């Protein structure tokens, strides 16, 4: 069964681009456009991984990260932060908040896909 | 008008009079308005104590004091008086020195016995006023730079969003996810992607240059095998060189010199210089990247990037590392905003190295920079010979090894996580007596940290415990990677006791051996 990825971004074009790219690599996709929606969708859809933007309406990416980490049923879902923000100020903060990786937009597609696959490999390792 | 400490508030003006001649001191004090609060000291040592313990609005300084040489006094005074304005009180015979003093940063000078009574009061008020204005000006400039930094950071973030969409869909077309392309379409999308990436690099350069300006460029040096770094960076640019019909080769120092440098920053500098070399060298040319121990200073490694391009005019050679400098070649300079070399210079300087260029027009250019070599013996010296204590008979080597949990992982452990781990280590070691090795950037995926601690017995145990707990707290034992902290006690050979250097050298060899062993495990 193919893995399901929740794409959280308030920019419709970027959601669409990520969708095309991920589906071409065999992933299923679901979407959220703001912070509140992200938590809702995470609970409802139980994705295998979350691609999270930081600058979001209704609770920014850090708030979403915290909410997810504080819910035992969601805490194990790997989160990759994908943001236009400066890595110098945000990468460490995101990792401290429990994200698995931080990539600054625009990121090369092969780098992002490798990051996603690596997250799945590590995730499988921890559970198994 | 900005508010000043003395002239407009009810507080009395506080004067620190530094004068070793009691008669001169008395005359000067009498010339001051009664409302002024005067503290008189007759040595520079006394003045220093006053500056650090009480607030003063102005310093009246006689340049001839018993405890400091005349020439050195002003330098001391200017650096230690912080923001307090200084008025030089001088004799008739050394007015030359006083003029010099004003040039160096003193507010004013008065020749003793040669000015009307009210001049002194006026000089003091003006000096305080000028110093206050100067302080406000500096504050405003600093604030302006900060605003600029915030502005650039905001703009760069806003530009990145539409750029990301263009980048994404360009990539989707290029990779034929949306269907096959004709050869022409493929070519055009390639050009589109090349330009999008240039735009992305320009935004990044703009951010970096602004960071450099406000002193926020972060450089985290590690003990780095720089040849591998250079080799990889050049490897990544092979295709660009080949596409332009250039050959590119490396001529690196043998033996794998280790420098104290930030891996990412060195990559940035080398990539920038090599990209420039490729850009300015015509088809059939050659780019050479090399390194050797600096012939002018054996404590540095010298790296060079040499091309057979069109060269740089001598006049331009001096200005080439300035901000916004561009070579006057329309086709070539369209590809940058003239910040690359400025950033390179900032980065190299931040490492303690220097950067310069040599060129002959129509024959080519060579860009050279230096990086400090990493020395284990230098780090170990204070451990074996602690300050104000007997030499240590043993040294404890505490090693933390970090490795990815997934041995098949092709993605290295997140740099930020390793930075965090390094931070934990630097918090845990003692400032005097322990030596924390810079992060060792090992080959492959396992990263090692080495600490040498002079603390004996229980001290080392507790250090290991503290490290283990702190590392587990950042999730290093489960999320991305595992870690292991071990302690090993090394006997310091006492055969060379009379010679501290040979003793340190012997310990260095043992430690290096031990680190090699733990690395190959």
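Figures for the structure shown
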item: Verdict on residue A:61 being at negative phi, free of Cβ contacts under 8 Å to residues at least 12 places away in the same chain and surrounded by 16 or more Cβ atoms within 10 Å (Cβ to Cβ); result: no
item: Candidates B:402, B:413, filtered to the one that is under 31 Å from the mean Cα position of the chain (by Cα) and at pLDDT below 75; result: B:413
item: Checklist (1) within 14 Å of chain A (Cβ to nearest Cβ); (2) surrounded by fewer than 16 Cβ atoms within 10 Å (Cβ to Cβ); (3) at pLDDT below 90 applied to residue B:157, failing item; result: (2)
item: Counted residues, region B:347-358 - those being out of contact with any strand residue (DSSP E or B) (no Cβ under 7 Å at 6 or more places or on another chain) and buried (at least 23 other Cβ atoms within 10 Å of the Cβ); result: 1
item: Subset of region B:444-459 that is surrounded by fewer than 22 Cβ atoms within 10 Å (Cβ to Cβ) and on the phi < 0 side of the Ramachandran plot - its residue that is modelled with the lowest pLDDT; result: B:445
item: Condition broken by residue A:106, with the remaining ones in (1) part of a helix (DSSP H, G or I); (2) without any contact (Cβ under 8 Å) to a residue 24 or more places away in the chain; (3) in contact with a helix residue (DSSP H, G or I) (Cβ under 7 Å, 6 or more places away or on another chain) satisfied; result: (1)
item: Candidates A:51, A:6 - the one that is within 14 Å of chain B (Cβ to nearest Cβ), touching a helix residue (DSSP H, G or I) at 6+ places or on another chain (Cβ under 7 Å), closer than 13 Å to residue A:77 by Cβ and assigned to a strand (DSSP E or B); result: A:51
item: Condition met for residue A:99 (surrounded by 16 or more Cβ atoms within 10 Å (Cβ to Cβ), within 11 Å of chain B (Cβ to nearest Cβ) and part of a helix (DSSP H, G or I)); result: no
item: Residue within region B:203-212 that is part of a helix (DSSP H, G or I), more than 10 Å from every other protein chain (Cβ to nearest Cβ), exposed (fewer than 14 other Cβ atoms within 10 Å of the Cβ) and touching a helix residue (DSSP H, G or I) at 6+ places or on another chain (Cβ under 9 Å) present; result: no
item: Pairs, first facing another protein chain (nearest Cβ under 9 Å) and more than 23 Å from residue B:463 (Cβ to Cβ) in region B:390-413, second modelled with pLDDT under 70 and not in a strand (DSSP E or B), C-beta under 6 Å, six or more apart; result: B:404/B:413; B:404/B:445; B:405/A:125; B:406/A:125
item: Extreme residue, farthest from the chain's Cα centre (by Cα), among residues of region A:110-128 that are surrounded by fewer than 18 Cβ atoms within 10 Å (Cβ to Cβ) and modelled with pLDDT of 85 or more; result: A:110
item: Scope region B:235-265; condition in a helix (DSSP H, G or I), buried (at least 16 other Cβ atoms within 10 Å of the Cβ) and in contact with a strand residue (DSSP E or B) (Cβ under 7 Å, 6 or more places away or on another chain); matching residues; result: B:241, B:263
item: Those residues of region B:277-292 which are under 24 Å from the mean Cα position of the chain (by Cα) and surrounded by 20 or more Cβ atoms within 10 Å (Cβ to Cβ), in sequence order; result: B:291
item: Options B:163, B:181: the member that is surrounded by 15 or more Cβ atoms within 10 Å (Cβ to Cβ) and away from chain A (no Cβ under 14 Å); result: B:181
item: Test: residue B:16 is modelled with pLDDT of 90 or more and either touching a helix residue (DSSP H, G or I) at 6+ places or on another chain (Cβ under 9 Å) or over 20 Å from residue B:129 (Cα atoms) (or both); result: yes
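Let's see how each residue does on (1) modelled with pLDDT under 95; (2) under 28 Å from residue B:169 (Cα atoms); (3) more than 13 Å from chain B (Cβ to nearest Cβ):
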{"position": "A:34", "(1), (2), (3)": "yes, yes, yes"}
{"position": "A:66", "(1), (2), (3)": "yes, no, yes"}
{"position": "A:76", "(1), (2), (3)": "yes, no, no"}
{"position": "A:87", "(1), (2), (3)": "yes, yes, no"}
{"position": "A:108", "(1), (2), (3)": "yes, yes, no"}
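The values are calculated or read from the model by the stated rules, or taken from the named source; none is laboratory data. These numbers were taken from a predicted model, which means no experiment stands behind them. Here the Cβ is made from the backbone with ideal geometry for all residues, glycine too, and neighbour counts use every protein chain on show.
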